[in-house]
Structures are given as C-alpha cells and as structure tokens.
Amino acid sequence: MILIQDKLVSEELFEEEFVCNLTACKGACCVEGEGGAPLEESELQVLKQEFKHYKEFLTEEGKKELKSQGYWIEEEWNGEKIWSTPLMDNHGACAYVVYENGIALCGIEKAWKAGKTNFRKPVSCHLYPIRVQTLKNGTEALNYNRWKICSPACSNGKKLGVPVYQFLQEAIIRRYGEAFYAELDEVGKQWRGNKHHNI
C-alpha cells in the first residue's frame, strides 16, 4: 500500500488494467452479487430527495421495490451501521437497474445523463472496481476488487493498456478531488514506468 495524502492506495490500482466492456458483460455488476451497492450516509437523503427527478427512468418493478423496501437498506456490520441499495425481491438485480438492448444500466445515471438530476449514481458504483475500506484509525484504504464477471473489462483494459486508476479518473476526482488524483497519477506513472523499465 502507498500513502497518498491521507489515503492508503493499493499498488494494484497501478498494476491491474481495466476498461468496462458492457457489450460483453451486459452490466452484470448491477444484477449479480449477494447485496446491493454500498451507500455513504451522505447519499441517503439525496436518493430520497432526488427520487422525483429520476423515477421516470426506473422500471415499474424497481419503483414497487423502493416503495416496499425504501430507498436504501440499513444493516449492522461489526457493530456499525451500513447502507446499501435494495435488491429486486431481496436478491438479484439492484432496484435502480434498467435495461437497454439487453444491458443492465443505472436508472439514476440515465436521469443524470438526461439532465434531470445532479446526482449521478452512488459513488461506490462509480468507483468500481475500487472498493474503499475505512480502517479502525479512520484512514481510508483504496483496494482493487476482483470479480469474475469483470473478466471482459480486464481483457479490454489490458488490450488498451489502461490501468484501473486511469479508467476511474472521473470517479476518483468526484470522490477525492483534483489534487488527490494529480498526486495519484504522478505516483502511478512513476510506478508503471519503473515496472516496465525493470522488465
């Protein structure tokens, strides 16, 4: 792990290559998995307040689930509250998912692209495959998360030569700001340059 500002960053963000290939994966990350997308506490009221702006982009099934379960699910993990997006019938697809040409997409993000809401989508979705873990001392650790459904993205990233952190530039800037990304990029270029020089 490398300390950048006050964040611990896994070297895998520089080493691994990743570019989403929705044509191949069909947006499986919005459909598969045991739980919904992790939510930050600051996003909860935004999901509720912005619903009137993005609801027209959701499926009828999704809206029914949100009415039944709420805009988020609250659970306890190791004594701490955590929040996530609801799933359809408590399993499978995220309640906010929509389908376009057989590809699963985020209904909230479709509303954002249409200029209907200022909230793009949960930041955990935007940052994926980076997963952020808050350590006991309060430090945030940015790790690379491997998931077999993302193998097309790994192949695509390798083909294009794009490391994880560069693919997620926009999401990282959204979460941590321009200055953090600039430092991250400098470290990443040095790290990749040294690695290739040593080969």
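For every residue, the table says whether it meets (1) of a type in the set (Lys, Arg); (2) assigned to a helix (DSSP H, G or I); (3) surrounded by 14 or more Cβ atoms within 10 Å (Cβ to Cβ).
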| site | (1), (2), (3) |
| --- | --- |
| Gly62 | no, yes, yes |
| Ser68 | no, yes, no |
| Glu74 | no, no, no |
| Lys81 | yes, no, no |
| Asp89 | no, yes, no |
| Val98 | no, no, yes |
| Ala104 | no, no, yes |
| Ile108 | no, yes, yes |
| Ala111 | no, yes, yes |
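Working only within the stretch 1-30, note down all residues that are within 18 Å of Glu140 (Cβ to Cβ), among the β-branched types (Val, Ile, Thr) and not in a strand (DSSP E or B). Spell out the reasoning first.
Restricting attention to the stretch 1-30, the residues satisfying the condition of being within 18 Å of Glu140 (Cβ to Cβ) are 1-14.
Of the ones still in play, those that are also among the β-branched types (Val, Ile, Thr) are 2, 4, 9.
Across the stretch 1-30, there are no qualifying residues.
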(message) Looking at (1) farther than 18 Å from Glu170 by Cα; (2) within 18 Å of the chain's Cα centre (by Cα); (3) part of a loop (DSSP other than H, G, I, E, B), which one does Phe119 not meet, given that it meets all the others?
(response) (1)
(request) Kindly list the number of the only condition in (1) out of contact with any strand residue (DSSP E or B) (no Cβ under 9 Å at 6 or more places or on another chain); (2) buried (at least 16 other Cβ atoms within 10 Å of the Cβ) that fails for Gly177. (result) (2)
(message) Can you find a residue that is surrounded by 14 or more Cβ atoms within 10 Å (Cβ to Cβ), in a helix (DSSP H, G or I) and not small (Gly, Ala, Ser) anywhere in the stretch 31-42?
(response) no
(request) Can you give me the number of residues within the stretch 108-120 that are without any contact (Cβ under 8 Å) to a residue 24 or more places away in the chain and either within 15 Å of Lys55 (Cβ to Cβ) or β-branched (Val, Ile, Thr) (or both)? (result) 1
(message) Considering only the stretch 124-137, I want to know if a residue exists there that is out of contact with any Phe, Trp or Tyr (no Cβ under 7 Å at 6 or more places or on another chain), over 14 Å from Arg174 (Cα atoms), touching a residue at least 12 places away in the same chain (Cβ under 8 Å) and of a type outside the set (A, V, I, L, M).
(response) yes
(request) Please specify each residue of the stretch 88-126 satisfying the condition of being hydroxyl-bearing (Ser, Thr, Tyr), closer than 12 Å to Ala37 by Cβ and in the same structural domain as Pro38 (by TED's automatic domain parsing). (result) Tyr96
(request) Could you tell me whether Lys159 is surrounded by fewer than 14 Cβ atoms within 10 Å (Cβ to Cβ) and part of a loop (DSSP other than H, G, I, E, B)? (result) no
(message) Against the definition (among the β-branched types (Val, Ile, Thr) and modelled with pLDDT of 90 or more), how does Ile108 come out, yes or no?
(response) yes
(request) Using the structure shown, decide if Tyr144 is surrounded by fewer than 20 Cβ atoms within 10 Å (Cβ to Cβ) and among the hydroxyl-bearing types (Ser, Thr, Tyr). (result) yes
(message) Name the residue that is surrounded by the fewest Cβ atoms within 10 Å (Cβ to Cβ), counting only residues in the stretch 49-58 that are in contact (Cβ under 8 Å) with a residue 24 or more places away in the chain and more than 21 Å from the chain's Cα centre (by Cα).
(response) Glu56
(message) I'm checking my understanding of the structure. Among residues of the stretch 1-25 that are under 16 Å from the mean Cα position of the chain (by Cα) and under 27 Å from Thr59 (Cα atoms), which one is surrounded by the fewest Cβ atoms within 10 Å (Cβ to Cβ)?
(response) Leu22
(request) Could you tell me which residue of the stretch 64-82 is farthest from the chain's Cα centre (by Cα), considering only residues that are of a type in the set (A, V, I, L, M, F, W, C) and more than 18 Å from Val31 (Cα to Cα)? (result) Trp77
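The values are calculated or read from the model by the stated rules, or taken from the named source; none is laboratory data. Not measured: the values here are computed from a predicted model. All Cβ positions, glycine included, derive from the backbone under ideal geometry; neighbour counts span all protein chains shown.
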